[in-house]
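**Student:** Submitted below is the structure of interest, expressed as C-alpha cells.
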Amino acid sequence: MYTKSILMSSLLLAACSMAQDTTTGSSSQMTGPDGSMVSVQVVQVSNMNASLKFYPEEIRAEAGSMVQFQFYPRNHTVTQSTFDRPCEPINNIMPNVTGINSGPMPPVNNMMKVFTIMINDTRPLWMYCATGDHCEKGMVMVINAPQGGERTLQSYKALAARVSENGTTTSTGSANGTVPGGTTEPSTGSASSVVDSMVGATGVAAALFAGFALLL
Ligand SMILES: [Cu+2]
C-alpha cells in the first residue's frame, strides 16, 4: 500500500504535536524528541487541476527543518538536478552526489503520497519533475536559491525549457560522469536527506504520523 524507500535521518521524531495548516506553502511545527520544534514546509506537487507546477516554486528552508512534498495526481517525481543541467538527475552529472529523488509517485487508491526531506544546510537544491516532459514544460522548483546573481528560478526554468528544443532530454542510466567546469554546486555530500516516503491518509499531519509510526 505504501512505499517507504528509506530511511532514518539523524532525526527520529518520537512525538508530533502540530498545528496543521493545509494552505499552499504552509509551515507546520512538530516537536522533536528533545522537545525542540521542527519546522515542516509543505510543497504541493501539481494540484487538483493536474497542472505541471510545484506550489510554491521557490522556498527558503533553514538547516534542520523539513520540506514535505505532497503529490497530486497524476504521476510526478521530485528529483534533484544541478542548476546547469535541469531535467537530469544530479548523480548523472556528479556521481559522488546521491541527490534527492522520490522516484515515481503515482496516487494509490486516491491517497496522496508524500515525500519528506530534511534540510541539512542551506545550499541550493534545484528540483524538477522527471516524468515525461514535465521538467521541460516548467515543472521545476528551488529550495534556498542563491541570493542575488544569475542563478534564479527563472533562469533555471529557462534552461529547462531549452532542453526540449535541443532534443537533449534526460538519458537514464547514463555513464556520463563528467563534472562541468565552473559549477558552484556542492561537489560532495548533499544538502538534504530523505526522511520518509509513503502514502499519507489526509495531508501532512496524518502523513507524518503514519511515517513515523513505521519507524517505531
Ligand atoms: Cu510531473
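The values are calculated or read from the model by the stated rules, or taken from the named source; none is laboratory data. Predicted model, so just to flag it, every value in this text is computed and none were measured. No Cβ is skipped: glycine too gets one built from the backbone with ideal geometry, and neighbour counts run over all protein chains shown.
**Student:** Hey, does segment 81-97 have a residue that's among the β-branched types (Val, Ile, Thr) and within 11 Å of the chain's Cα centre (by Cα)?
**Tutor:** There is no residue in segment 81-97 that is among the β-branched types (Val, Ile, Thr) and within 11 Å of the chain's Cα centre (by Cα).
**Student:** May I pose another question? Would you confirm whether any residue within segment 111-122 is within 14 Å of Pro73 (Cα to Cα), buried (at least 24 other Cβ atoms within 10 Å of the Cβ) and aliphatic (A, V, I, L, M)?
**Tutor:** Yes, segment 111-122 contains a residue that is within 14 Å of Pro73 (Cα to Cα), buried (at least 24 other Cβ atoms within 10 Å of the Cβ) and aliphatic (A, V, I, L, M).
**Student:** Return only the number of the condition from (1) surrounded by 14 or more Cβ atoms within 10 Å (Cβ to Cβ); (2) modelled with pLDDT under 95; (3) within 17 Å of Glu88 (Cβ to Cβ) that Ala191 does not satisfy.
**Tutor:** (3)
**Student:** Would you mention how many residues in segment 96-123 are among the β-branched types (Val, Ile, Thr) and out of contact with any strand residue (DSSP E or B) (no Cβ under 7 Å at 6 or more places or on another chain)?
**Tutor:** Total satisfying the criteria: 3.
**Student:** Gln29 - would you say it is surrounded by 13 or more Cβ atoms within 10 Å (Cβ to Cβ), at pLDDT 70 or above and within 16 Å of the ligand (Cβ to nearest atom)?
**Tutor:** Spelling it out, it is not the case that Gln29 is surrounded by 13 or more Cβ atoms within 10 Å (Cβ to Cβ), at pLDDT 70 or above and within 16 Å of the ligand (Cβ to nearest atom).
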